[in-house]
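The block underneath contains the structure these notes are about, expressed in structure tokens.
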Amino acid sequence: MSYKEVYQSWQDNPEAFWMDAAKAIDWDSAPSKALFDKGDNLYEWFADAKVNTCWNAVDRHVENGRGEQTAIIYDSPITHTKREISYVELRNRVASLAGALRAKGVEKGDRVIIYMPMIPEALEAMLACARLGAIHSVVFGGFAANELAVRIDDCEPKAIIAASCGLEPGRVVHYKPLLDGAIELAEHKPDFCVIFQREQEVAELVEGRDVNWHGFQYGVEPAECVPVEGNHPAYILYTSGTTGQPKGVVRHTAGQLVALNWTMKNIYNVDPGDVFWAASDVGWVVGHSYICYGPLIHGNTTIVFEGKPVGTPDAGTFWRVIEEHKVKSFFTAPTAFRAVKREDPTGEFVKKYDLSCLDQVFLAGERADPDTIVWAQEQLRKPIIDHWWQTELGFPGVCNPVGIELLPVKLGSPSVPLPGYDMKILDDAGNELPAGELGAIVTPLPLPPGTFPTLWKAEERFKSSYLSNFPGYYETGDAGMIDEDGYLYIMARTDDVINVAGHRLSTGAMEEVLAGHPDVAECAVIGVADSLKGQMPMGFLCLNAGCDRAHTDVVKEVVALVREKIGPVAAFKLATVVDRLPKTRSGKILRATMVSIADGKEYKMPATIDDPAILDEIKLALQGLGYAHD
Ligand code: COA
Ligand code: AMP
């Protein structure tokens with residue numbers, strides 16, 4: 001079938017479409033119907049089914065004769081380690097870990113935080129939770145203790161599973177002190193912590209609270225898969241919103257199984273047995289959906305890559321992994337390609353490897369700039385597929401559906417909506433805009449299976465953040481337009497979220513940290529254009545009256561403070577002191593205008609500006625940092 005036919009079949013009968021996709025899942029008790037309307041614009045999928053994620057991702061492949069197939073390839077250029085885990089080994093390891101967690105009291109519905117680097121044990125921890133029906137929440141290793149503490153208090157885990165350390169180029173990330181610090185900061189205390197000791201750093205265990213990953217599994221009965229309701233939360237994943245309080249995106253079990261399995265062939269164009277590689281991190285949604293669950297549910301081999309696109313050891317790492325492990329479909333972020341391109345503009349490393357196994361490359365997480373796409377097309381001579389999605393959605397909403405049909409690629413556009421989505425562009429009043437006009441990107445409710453039904457313990461925030469501005473629609477938070485051929489173009493965020501090296505960050509959260517510095521009276525953080533990372537955060541500080549400290553000292557302190565409170569991933573390195581911030585007469589800081597000035601773009605003087613002269617002061621400050629050149 002063509003894309004048009006597949007899309008039409010979804011439009012004609014969405015519930016029948018997803019019921020059909022659900023046939024590929026092993027149900028303990030099949031759903032009686034697809035969609036459950038909970039009223040008040042809330043929906044759930046396959047709610048009355050009984051099913052287990054781990055069974056579908058692991059055990060059933062063993063039962064069906066794939067036991068000897070490699071499930072996970074661990075390739076770590078940073079530790080010079082490679083390891084393969086077959087489906088049968090994975091089943092045994094996960095059942096044992098789940099058994100040990102159960103013996104310590106973890107049951108269906110309990111939350112478990114996972115704070116681990118890119119090692120196979122991170123996936124095993126996720127799957128062990130899924131096996132028991134426990135709800136995991138993975139926290140990215142680049143977040144500091146304070147961010148971990150916020151998540152501990154929000155999801156109140158019974159247990160935390162962590163590694164002793166992570167490894168960044170030239171630096172050991174000491175997870176254990178971060179974990180201890182977070183537990184100290186948090187009001188909620190977990191019953192126990194499981195520590196996976198890595199040989200690069202053995203952490204000291206807290207007596208009575210911490211157990212050793214290996215030791216606590218000894219002699220324990222392996223656990224079987226516990227069937228859970230279709231609408232049982234599989235996980236909570238926190239993502240940045242407008243404020244410092246992250247949003248706990250909830251993923252339901254059955255919807256995730258059905259949707260991710262469907263995408264593996266129809267989007268990513270792989271068959272069971274093929275090797276699929278998403279070079280992301282388990283701490284992000286891409287890691288949940290396409291390092292762990294999607295490929296495993298579909299019976300693929302997935303790669304856990306502990307390294308960087310450059311420097312581990314060189315800009316040929318991606319191509320080496322693709323050749324060595326025969327990767328058929330590869331997924332990364334544009335920023336990673338920009339990093340490779342910067343070191344290897346003429347593709348000398350590409351030429352050293354045989355990439356004949358590779359059929360296509362997918363890019364997501366941020367805008368894919370045409371230069372990067374063209375570079376990748378020229379070097380790799382494969383389809384380079386930009387696709388758009390969000391943590392909230394769990395799988396792509398807009399994509400060139402290469403597994404169904406490769407549509408013409410248009411540079412700068414992630415292409416067309418997938419079944420489940422019907423993107424519209426609305427003006428502020430909610431009127432639909434014609435092709436070519438810029439507005440808020442929305443899609444009608446209900447969202448498809450596999451997307452988020454709500455936010456953890458925050459239904460009102462869910463409604464006010466996503467459903468209230470445009471009744472009947474899900475508001476994506478992105479602005480853009482649709483062209484005459486139905487291709488979507490993403491232009492900007494409509495909120496205070498920025499995208500740094502493919503990582504979604506909240507400028508509001510950074511402002512909260514800056515405002516906490518004793519000398520800062522007022523502040524603003526904006527995202528300025530960056531040729532490698534897409535955007536970089538930049539802070540503007542107004543100091544308290546009478547503060548006569550050297551500006552460079554205060555700047556140094558706030559940079560350190562953001563690293564301490566949010567973490568290195570915030571990449572907050574640029575800040576400057578200004579006398580005043582540009583505001584409207586009603587006191588709203590004109591952040592968008594500041595961004596335009598920084599990026600050297602034309603801007604209209606806001607009609608409501610209080611004092612236009614402040615913009616010149618801002619421009620001067622930006623020029624001092626090497627920005628805002630005409
Ligand atoms: N644990 C601890 N620290 C981490 C981390 C982790 N898992 N991931 C990143 N960090 C740290 C980095 O070491 C860096 O610290 P530094 O300030 O001491 O140098 C900081 O966070 C910022 O990291 P990042 O923005 O990723 O920059 P980088 O310079 O380390 O690497 C790229 C730049 C482009 C190579 C890298 O960002 C990259 O590969 N990005 C791909 C993004 C991606 O896959 N996103 C997922 C969406 S698909
Ligand atoms: P995250 O939740 O971290 O996946 O970030 C989602 C946000 O990243 C989206 O709302 C977009 O702003 C941005 N994004 C993701 N994919 C793309 C893409 N292909 N093109 C442009 N922006 C993207």
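The values are calculated or read from the model by the stated rules, or taken from the named source; none is laboratory data. Small disclaimer: the values here were computed from a predicted structure and weren't measured. Cβ atoms come from the backbone with ideal geometry, glycine included; neighbour counts cover every protein chain shown. To get the accessible areas, we keep the full protein, side chains included, count just its heavy atoms, and leave off ligands, DNA and RNA. Shrake-Rupley method; radii C 1.70, N 1.55, O 1.52, S 1.80 Å.
Enumerate the amide H contacts of F362 below 5 Å, restricted to partners 5 or more residues apart or on another chain; note that Pro and chain-start residues carry no placed amide H.
Under 5 Å from the amide H of F362 lie the amide H atoms of F330, F331, T332, I385, each far enough along the sequence or on another chain.
Measuring with a 1.4 Å probe in the full set of protein chains, what accessible area per residue, in whole Å², belongs to the range 436-588?
With all protein chains present, the range 436-588 gives 41 Å² per residue.
Put +1 on the Cβ of every Lys and Arg and -1 on every Asp and Glu Cβ in the chain; which of G397, L581, H136 then has its Cα farthest towards the positive end of the dipole?
H136
Which trypsin sites (Lys or Arg not before Pro) in the range 1-71 pass both tests, a DSSP loop state and at most 15 other beta-carbon atoms within 10 Å?
K33
Please get the size of the charge dipole for the range 1-128, origin at its Cα centre, with Cβ charges of +1 on Lys and Arg and -1 on Asp and Glu, quoted in debye to the nearest 20.
Rounded to the nearest 20 debye, it is 400 debye.
Positive end of the charge dipole of the chain (Lys, Arg +1 and Asp, Glu -1 on Cβ, about the Cα centre): tell me which of L406, L90, N269 has its Cα farthest that way.
The one lying farthest along the dipole's positive direction is L90.
Under the rule of at least 5 residues apart or a separate chain, name every residue whose amide H is placed under 5 Å from the amide H of V211.
Those lying under 5 Å, H to H, from V211 are C193, V194, I195.
Given a 1.4 Å probe, how much area per residue of the range 288-339 is accessible, in Å²?
Dividing the accessible area of the range 288-339 by its residue count gives 18 Å².
If we count every other residue with Cβ under 10 angstrom of A47's Cβ, Lys/Arg +1 and Asp/Glu -1, where does the sum land?
Counting the neighbours of A47, the net charge comes to -1.
From the Cα gyration tensor of the range 108-251, with a ≥ b ≥ c the square roots of its eigenvalues, which class applies: rounded if a/c is under 1.5, or else prolate if a/b is larger than b/c, or else oblate?
oblate
Please give the FRET efficiency for E184 paired with Q623, using the beta carbon to beta carbon distance and R0 = 35 Å, rounded to the nearest 0.05.
Taking R0 as 35 Å, the efficiency between E184 and Q623 is 0.20.
Would you mind working out the accessible area per residue for the range 1-146, using a 1.4 Å probe, and quoting it in Å²?
Heavy-atom accessible area per residue stands at 37 Å².
Going toward the positive end of the dipole of the chain, with +1 on Lys and Arg Cβ and -1 on Asp and Glu Cβ, which of A550, G39, A278 do you reach last?
A278
How much of the accessible area of the range 21-173, in percent, comes from carbon and sulfur atoms when a 1.4 Å probe is used?
After summing per-atom areas, the C and S share lands at 43 percent.
Taking 0.36 nm per residue of separation and subtracting the Cα-Cα distance, what length does fully extending T242 through A545 add?
106.3 nm
What dipole magnitude, in Debye to the nearest 20, does the chain give about its Cα centre under +1 on Lys/Arg Cβ and -1 on Asp/Glu Cβ?
640 debye
Cut-off under 26 Å on the C-alpha distance; same-chain residues fewer than 8 positions from K158 excluded. Which lysines are left, in chain and number order?
K50, K104, K108, K176, K189, K247, K457, K565
List the lysines whose Cα lies under 20 Å from the Cα of K352, skipping any in the same chain that are fewer than 8 positions away.
Excluding near neighbours in sequence, the set is K308, K326, K328, K341, K382.
Return the FRET efficiency for the residue pair A458, A560: r is the Cβ-Cβ distance, R0 is 45 Å, and the value is rounded to the nearest 0.05.
0.90
As a test question: what accessible area, to the nearest 10 Å², does F330 have when a 1.4 Å probe is rolled over all protein chains in place?
Approximately 0 Å² for this residue.
Based on the alpha-carbon gyration tensor of the range 96-170 and its eigenvalue square roots a ≥ b ≥ c, which shape applies: rounded if a/c is under 1.5, prolate if not and a/b is larger than b/c, or oblate?
Here the range 96-170 falls in the oblate category.
Tally Lys/Arg at +1 and Asp/Glu at -1 over every other residue whose Cβ is under 15 Å from the Cβ of M19; what's the total?
Summing Lys and Arg as +1 and Asp and Glu as -1 gives -3.
So which lysines pass the test for K4, namely a Cα distance under 18 Å, with those fewer than 8 places away in the same chain ruled out?
Output for K4: K265, K410, K424.
Round to the nearest 10 and report in Å² the accessible area of L407, as given by a 1.4 Å probe over the protein chains' heavy atoms.
30 Å²
Would you work out what percent of the accessible area of the range 530-630, with all protein chains in place, is carbon or sulfur (probe 1.4 Å)?
Heavy-atom surface of the range 530-630 belonging to carbon and sulfur, 1.4 Å probe: 51 percent.
Of all alpha-carbon pairs in the chain, indicate the percentage at a distance above 47 angstrom.
The answer is 12 percent, as a whole percent.
Let me make sure I get this right: for the range 317-438, a, b and c are the square roots of the gyration tensor eigenvalues over alpha carbons, sorted descending. Under 1.5 in a/c it's rounded, otherwise prolate if a/b > b/c, else oblate. Which is it?
In terms of gyration-tensor shape, prolate.
Calculate, for T552 and L445, the FRET efficiency according to 1/(1 + (r/R0)^6) with r their C-beta to C-beta distance and R0 51 Å; round to the nearest 0.05.
0.50
How large is the dipole of the range 398-486 about the Cα centre if only Lys and Arg carry +1 and Asp and Glu carry -1, each at its Cβ, rounded to the nearest 20 debye?
420 debye
Modelling each spin label as a point 7 Å along the Cα-to-Cβ direction, I'd like the N469/E207 distance in nm, to one decimal.
So the label points at N469 and E207 sit 5.5 nm apart.
Step through the residues of the range 211-220 one at a time and calculate ³J(HN,Hα) from phi using the Karplus curve (6.51 cos²θ - 1.76 cosθ + 1.60, θ = phi - 60°), rounding each to whole Hz and writing x for Gly and Pro.
With the stated coefficients, the range 211-220 comes to 10, 7, 2, 6, x, 7, 8, 5, x, 9 Hz.
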